[in-house]
Structures are given as structure tokens and as C-alpha cells.
1. So, in nm, how far is label E24 from label D47 when the simple model puts each one 7 Å beyond its Cα toward the Cβ?
2. Between K16 and K39, 0.36 nm times their residue separation minus their Cα-Cα distance comes to what?
3. Determine the dipole magnitude for the stretch 16-65: charges of +1 sit on the beta-carbon of Lys and Arg, -1 on that of Asp and Glu, nothing else is charged, the reference point is the Cα centre, and the result goes in debye to the nearest 20.
4. Could you go through the stretch 61-66 in sequence order and give the Karplus-derived ³J(HN,Hα) for each residue, using 6.51 cos²θ - 1.76 cosθ + 1.60 with θ = phi - 60°, rounded to whole Hz, and x for Gly and Pro?
5. Net charge near T50, counting Lys/Arg +1 and Asp/Glu -1 over other residues with Cβ under 15 Å of its Cβ?
Amino acid sequence: MRGGKRENAGRPIGSKAKKTLEREALKDYIFSEVKLHQKEIIQALLDKGTKGDISAIRELLDRAVGKVKDELEMSTENQEPITFVIRSYAGVTQQQKTITQIDTQKAQP
């Protein structure tokens with residue numbers, strides 16, 4: 001008889017594929033090496049960042065204070081104005097303006 005479900009065919013339930021096991025082993029190895037050399041890695045990023053390397057600066061800021069969040073909050077209930085919130089690096093700078101505030105600013109000379 002050909003085809004159909006064969007008894008004990010395929011990988012056992014709950015077992016992981018070879019590539020998954022390799023990927024997990026590599027991830028564990030990299031994590032242990034980073035943990036072992038974390039001071040040197042951070043210092044290297046700081047050195048690059050102080051020389052103007054934007055990717056190093058971005059990585060340091062993202063890890064230290066959080067990634068930039070762009071939010072758009074809109075409300076149409078009771079004809080309240082629409083609010084735009086722009087946050088940079090965990091509240092270091094924050095701007096919040098409503099459409100009515102923007103229109104008022106444009107109207108003034």
C-alpha cells in the first residue's frame with residue numbers, strides 16, 4: 001500500500017529540527033561571548049560614537065534610553081481636535097500639538 005499515514009513516520013512530536021538546534025546553539029554561544037566581553041563591546045561602541053559613527057550612536061541610545069516611538073493619536077468623538085504626539089528617546093524631547101494649535105500658529109504673522 002502506498003501513501004497515507006504511516007506509523008512512526010516523520011520527526012517525533014516535540015523534537016526540534018537540526019537547523020533549529022544549530023541556531024539555538026549559536027545564539028547561546030554568542031550570548032555567552034557577549035556577556036563575557038560586554039565591557040569591551042560597550043567601550044568600542046562608545047569610542048565609535050564619540051568619533052561620530054551614527055550607527056554606534058543609534059545603538060547606544062536605543063539600548064540606553066529606548067527606541068524612538070512615533071505615535072499618531074486621533075479622535076473624532078465630540079469633534080475634539082486631532083492630537084499628534086512625537087516622542088524622541090524616552091521623553092528626552094516631546095512635542096504634542098493639536099491641529100487647532102498648528103492652524104493658530106500659521107495664522108499669526
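1. A separation of 3.7 nm, rounded to one decimal place.
2. Extra length available between K16 and K39 comes to 4.9 nm.
3. With Lys and Arg at +1 and Asp and Glu at -1, about 220 debye.
4. Going residue by residue, I get 5, 4, 6, 7, 10, x Hz, with x marking Gly and Pro.
5. With Lys, Arg at +1 and Asp, Glu at -1, the neighbours total 0.
Every number here is computed from the coordinates shown, using simple stated rules; none is lab data. What you see is a predicted model; the values in this text were computed from it and never measured. When we count neighbours, we look across all protein chains shown, and the Cβ atoms used for this are built from the backbone with ideal geometry, even at glycine.
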